[in-house]
Number of protein chains: 2
Amino acid sequence: MTAAPRKAPTAPKFRRRADARPDEILDAALAVFTEKGFDAARVDDIAGRAGLSKGAVYLYFDSKEALLRGLIEREVSPIAMRLKALADAGGDDPQATLRLIVTMATQLIDDARVFATPKLVLAVAARFPEIGEHYRKRVVDQAIDAIAGLHRRGVEAGVFRQADSGAVARLVMGPILLFAMRKHILGAKDKISTTARAEAHLDLLFEGLAVR
Amino acid sequence: MTAAPRKAPTAPKFRRRADARPDEILDAALAVFTEKGFDAARVDDIAGRAGLSKGAVYLYFDSKEALLRGLIEREVSPIAMRLKALADAGGDDPQATLRLIVTMATQLIDDARVFATPKLVLAVAARFPEIGEHYRKRVVDQAIDAIAGLHRRGVEAGVFRQADSGAVARLVMGPILLFAMRKHILGAKDKISTTARAEAHLDLLFEGLAVR
DNA sequence: CATATATAACTGACCGGTCAGTCAGTAGCA
DNA sequence: TGCTACTGACTGACCGGTCAGTTATATATG
């Protein structure tokens, strides 16, 4: 909250940090948008949390909507990267790769900060359809395609059964998303460990429900 | 939009229908909230769509927020009912019941009107946590519990493999939810038939991915 | 090192538009 | 004639966005 004085006995009212500002403002915007929604969030609140006045925010962003767009934009790339990294990890062993993806995704999405952007996107998508669509194309569909591709390679390699690859992708992602939504959006607080959850998911994923 | 005149050559400016009003207003509210979000929706819009003036809305509801709460309340029960009906259908054959549930749920949620309330809940849950929690307890968790119970009965009957019932429930619901979200919130428009999707889901659900 | 000058970073009071909620009055009905 | 359902103009608060003025820092000068 209060800026640390450097040496002068009187703390300066503000410091010049033009290059760090945009990121600080976006951090604050993500926090406030996530917790109040886009409309209910006041630019004043965002400015306050970033340690600036409202006017300063408008030095870096044209409008409240620009704040939203800039935020989504900044958050999308890292997630897309992470997805790519997950999919590329050990591409020659589809089974092990799938285990890795499920385990990591389960753990990642359990973190409220990681899920903050998806949560925000879900909340604003009705008002800003392009944001929703952009997010789907760059994140959701990338993940789905990666898993579908992984499945196809696994079928060729003889380690996966023949099946609809799209359905496989949904079977991998769906349960993880469902849990995250219950927890981060609908306020559930079950206390199963992420590893236990991933293991149970993987067991069912590979073996199915049928007795044999 | 325009009220149908009953017999008079000049259409009356309004009709006395006090008992039908609340539902009409809630219908309009659901439409406008879903399409614009809670804040961006104007009470004037809702009134207009219901064929009334804004003042009339306040004869039936205390506030905009009361409109939201009344709406969720009204929409929760039917869905809970429907879930109960699905779960109770043919309780002595767990396998067939699961097939039925997946097929029906896949079809139901494909309808934008059916998914309108869940979509709205997801959007407002950040601002009104009790609404999210209420919806989870009365709808989401009911569905999860119903499927988990079904699985346990199936295990006892020897038709399902032993497994974590919670994980089974997520494996049943998750993929359906994921598809609905992509379609209704993120604007995806794939054109797989619902029956094909349900079949692919069921195949994987029962048989899993492992080769045998 | 001290002082003057320039300018970038920032503040906060203010304006204008929007909208939830109110209420005095009007239309339909019995 | 009286009652109920309803209208629509109005109000008051709120908030996005602006801008004249202030403060911190960099640079120039002695």
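Looking at this structure, is B:F14 part of a loop (DSSP other than H, G, I, E, B), modelled with pLDDT under 95 and among the aromatic types (F, W, Y)?
Against the criterion (part of a loop (DSSP other than H, G, I, E, B), modelled with pLDDT under 95 and among the aromatic types (F, W, Y)), B:F14 qualifies.
Return the only residue of B:A87, B:A56 being within 16 Å of DNA strand D (Cβ to nearest atom), more than 14 Å from every other protein chain (Cβ to nearest Cβ) and not in a loop (DSSP other than H, G, I, E, B). Lay out the reasoning, then the answer.
Details: B:A87 fails: within 16 Å of DNA strand D (Cβ to nearest atom).
The unique qualifying residue is B:A56.
Only one of (1) within 16 Å of DNA strand D (Cβ to nearest atom); (2) assigned to a helix (DSSP H, G or I); (3) open to solvent by 30 Å² or more (accessible area, probe 1.4 Å) is not met by B:Q95, so which one is it?
(1)
Listed here are the residues, each with its yes/no results for (1) at pLDDT 95 or above; (2) β-branched (V, I, T); (3) closer than 26 Å to A:M181 by Cβ.
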{"site": "A:A3", "(1), (2), (3)": "no, no, no"}
{"site": "A:R6", "(1), (2), (3)": "no, no, no"}
{"site": "A:L26", "(1), (2), (3)": "yes, no, yes"}
{"site": "A:F38", "(1), (2), (3)": "yes, no, yes"}
{"site": "A:D44", "(1), (2), (3)": "yes, no, no"}
{"site": "A:A66", "(1), (2), (3)": "yes, no, no"}
{"site": "A:A85", "(1), (2), (3)": "no, no, yes"}
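Name the single residue, out of those in the range B:30-53 being near DNA strand D (Cβ under 10 Å from one of its atoms) and of a type in the set (G, A, S), that is surrounded by the fewest Cβ atoms within 10 Å (Cβ to Cβ).
B:S53
For every residue, the table says whether it meets (1) away from DNA strand D (no atom under 16 Å from the Cβ); (2) touching a Gly at 6+ places or on another chain (Cβ under 7 Å); (3) not polar (S, T, N, Q).
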| residue | (1), (2), (3) |
| --- | --- |
| B:D62 | no, no, yes |
| B:V76 | yes, no, yes |
| B:R99 | yes, no, yes |
| B:V102 | yes, no, yes |
| B:A105 | yes, no, yes |
| B:V121 | yes, yes, yes |
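How do the pairs read when you match residues in the range A:57-82 that are within 14 Å of DNA strand C (Cβ to nearest atom) with residues anywhere that are charged (D, E, K, R), using Cβ under 6 Å and keeping only pairs 6 or more apart or on different chains?
Partner pairs satisfying both residue conditions: A:Y60/A:R21.
If I go through the range B:100-138 residue by residue, how many of them are part of a helix (DSSP H, G or I), within 8 Å of chain A (Cβ to nearest Cβ) and of a type in the set (D, E, K, R)?
Counting residues in the range B:100-138 that are part of a helix (DSSP H, G or I), within 8 Å of chain A (Cβ to nearest Cβ) and of a type in the set (D, E, K, R) gives 3.
State whether one or more residues within the range B:187-209 are within 16 Å of B:L100 (Cα to Cα), out of contact with any Asp or Glu (no Cβ under 9 Å at 6 or more places or on another chain) and facing chain A (nearest Cβ under 7 Å).
Checked the range B:187-209: at least one residue is within 16 Å of B:L100 (Cα to Cα), out of contact with any Asp or Glu (no Cβ under 9 Å at 6 or more places or on another chain) and facing chain A (nearest Cβ under 7 Å).
Would the range A:153-172 turn up any residue that is under 27 Å from A:R69 (Cβ atoms), open to solvent by less than 20 Å² (accessible area, probe 1.4 Å) and more than 7 Å from chain B (Cβ to nearest Cβ)?
No, the range A:153-172 contains no residue that is under 27 Å from A:R69 (Cβ atoms), open to solvent by less than 20 Å² (accessible area, probe 1.4 Å) and more than 7 Å from chain B (Cβ to nearest Cβ).
The values are calculated or read from the model by the stated rules, or taken from the named source; none is laboratory data. Note that the structure is predicted; figures quoted are calculated from it, not measured. As a convention, Cβ positions derive from the backbone with ideal geometry for all residues, glycine included, and neighbour counts pool all protein chains shown. In case anyone asks, the SASA skips ligands and DNA or RNA and just uses the protein heavy atoms, side chains included. Shrake-Rupley method; radii C 1.70, N 1.55, O 1.52, S 1.80 Å.
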